[in-house]
1. Report, please, the projected area of chain B averaged over directions, based on the convex hull of its C-alpha atoms, in nm².
2. If I take R0 = 45 Å and measure r between the Cβ atoms of B:Glu192 and A:Thr36 in this structure, what FRET efficiency does the formula 1/(1 + (r/R0)^6) give, to the nearest 0.05?
3. Given H placed on each backbone N at 1.01 Å, which residues far from B:Leu138 in sequence or on other chains put an amide H within less than 5 Å of it?
4. Within a 10 angstrom radius of the beta carbon, how do A:Tyr161, B:Tyr161 rank from fewest other beta carbons to most?
5. If each of B:Thr74 and B:Lys213 carries a label point 7 Å out from its Cα toward its Cβ, how far apart are those two points in nm?
6. Copy-to-copy spacing for B:Ser190, label 7 Å out on the Cα-to-C-beta vector, in nm, shortest first?
7. Of the cross-linked pairs A:Lys213/B:Lys213; A:Lys90/B:Lys90; A:Lys109/A:Lys162; A:Lys206/B:Lys206; A:Lys90/A:Lys178; A:Lys104/B:Lys109, which ones have a Cα-Cα span greater than 25 Å in the structure shown?
8. How tilted is helix A:87-96 with respect to the longest principal axis of chain A? Cα atoms for both, answer in degrees (0 to 90, nearest 10).
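None of the figures in this text is laboratory data; all of them are computed from the coordinates on show. Predicted model only: the values in this text are computed from it and were never measured. In this analysis, Cβ positions are derived from the backbone assuming ideal geometry, glycine residues included, and neighbour counts consider all displayed protein chains.
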Protein chains: 2
Amino acid sequence: MTERIRILVIDDEAAIRRFLRSSLPENEYFLLEAETGEAGLRLTATENPDIVLLDLGLPDLDGIEVARRLREWTEVPIIVLSARGRETDKVQALDAGADDYLTKPFGVKELLARIRVALRHSQRGKEPANPVVEADGLRIDLAARQVFLDTVEIRLTPNEYKLLAALARSPGMVLTHKQLLTEVWGPAYSEEAHYLRVYMGQLRHKIERDPAKPRFLRTEPGVGYRLIVED
Amino acid sequence: MTERIRILVIDDEAAIRRFLRSSLPENEYFLLEAETGEAGLRLTATENPDIVLLDLGLPDLDGIEVARRLREWTEVPIIVLSARGRETDKVQALDAGADDYLTKPFGVKELLARIRVALRHSQRGKEPANPVVEADGLRIDLAARQVFLDTVEIRLTPNEYKLLAALARSPGMVLTHKQLLTEVWGPAYSEEAHYLRVYMGQLRHKIERDPAKPRFLRTEPGVGYRLIVED
DNA sequence: CATTGCCATAAGGAATTCGTAAGATATCAT
DNA sequence: ATGATATCTTACGAATTCCTTATGGCAATG
């Protein structure tokens, strides 16, 4: 069977979370839970869920603010679940980046249908991305999550792979320090530029023939890094 | 101003169509109207609207059927507007391919917000045509952050690149000293015209064939600089 | 012809950014 | 618990980039 859909619910009411846990078919969906906005932001970064269900009345941050902060770096579908039914609330949430808005109480069937819509949307446009980047003996298979140099497989740690994969998704393009850090470590680490130096060094030792004269992983001083695919 | 958004409304009630026509800001949206499902299908094909607003209670076809037939060949966003508020209606419509479902009566502000969401979705996925400025052997790829002269890559420092990119974003136009300084060094440095001379010199050494007789980077005495693209 | 203002170029030290190594801490399976 | 692996942290020399200063050219002006 195919991977289960991972849904993150950000809501402080235990009753709602329990309700969702029992309503969502367990063999199709896997539920992640956060009780606060901060926890929700963190979990989105670390767990990379397929959908976020967001309550507006959170104890720490306002739900609108959570949506806005998510949209600074991710396009994960956000469905707001709120007791507030006022039109201005809906408009604010949708304009802040939410993709849908359901007023409590809502029917489970409708929620599931709207989740399917959101998944359809995030599915779309994903196909054309080429899952294999190849150049000069280096092969990065993004679908299989494997890297080869001259037919021998290179073993990469999770962070090393995420870093290389981020570069490989936009071959030839410069990715800034901030973009890479956000992609690999999450937005909270977007200033820790030295992580990049350490991990770039490790990557170069593994995939470059002469790590001191990198062929693939080029430094763009003061800006970021790029993966070179052409000659 | 940018092209108006084209919205097709498929609804047999003249009252609704009139209501929409008067509610949608006329300078942003252009409204196309169909009274029947068949007419709606035909108009979608011929007019290629940006959004379809679909009523379920049509005289000829059922709205659900219209949504299904549209989805056979187009991904245009479909927002259902219906008096039917039953959950099964919503689920059917959404699963038939609709992207959103609003129960009449609805607020105009909410409809507009949901239209914006739909437009955001259809925007996404289209890769923004990457802006390249090219002239006489010089090529500036603003997306990849790369500069070539006769196919050989020119390496630029962050400030050099920012300066050249600022000029390349308005090819042929004069940018004043103040504009360039603000762009590269920030508004606090808008009087340091001297920086420009130094960096222009460096740029010319890197991208001009004869730095003493600049072909691309022209000085406009007393005013600023411009990037020449034409012959 | 001297002066003034704007521009171009060269050069060197200051400041920032990079690469690398190595040790400390955390995580995980055995 | 133990060892293996991965991540985080720190430190420092090297490399690069930035800023500043100095010098000279050219054109317009009086």
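1. The number I arrive at for chain B is 17.7 nm².
2. E between B:Glu192 and A:Thr36, to the nearest 0.05, is 0.45.
3. Amide H neighbours of B:Leu138: B:Asp150.
4. On the way: A:Tyr161 20, B:Tyr161 24.
Least crowded to most crowded, the residues run A:Tyr161, B:Tyr161.
5. Each label point lies 7 Å from its Cα, and together they span 5.8 nm.
6. From this label point to the equivalent ones elsewhere in the assembly: 2.6 nm.
7. Values: A:Lys213/B:Lys213 35 Å; A:Lys90/B:Lys90 19 Å; A:Lys109/A:Lys162 36 Å; A:Lys206/B:Lys206 34 Å; A:Lys90/A:Lys178 32 Å; A:Lys104/B:Lys109 20 Å.
Where the Cα-Cα span goes over 25 Å, the pairs concerned are A:Lys213/B:Lys213; A:Lys109/A:Lys162; A:Lys206/B:Lys206; A:Lys90/A:Lys178.
8. On a 0 to 90 degree scale, this one is about 10.
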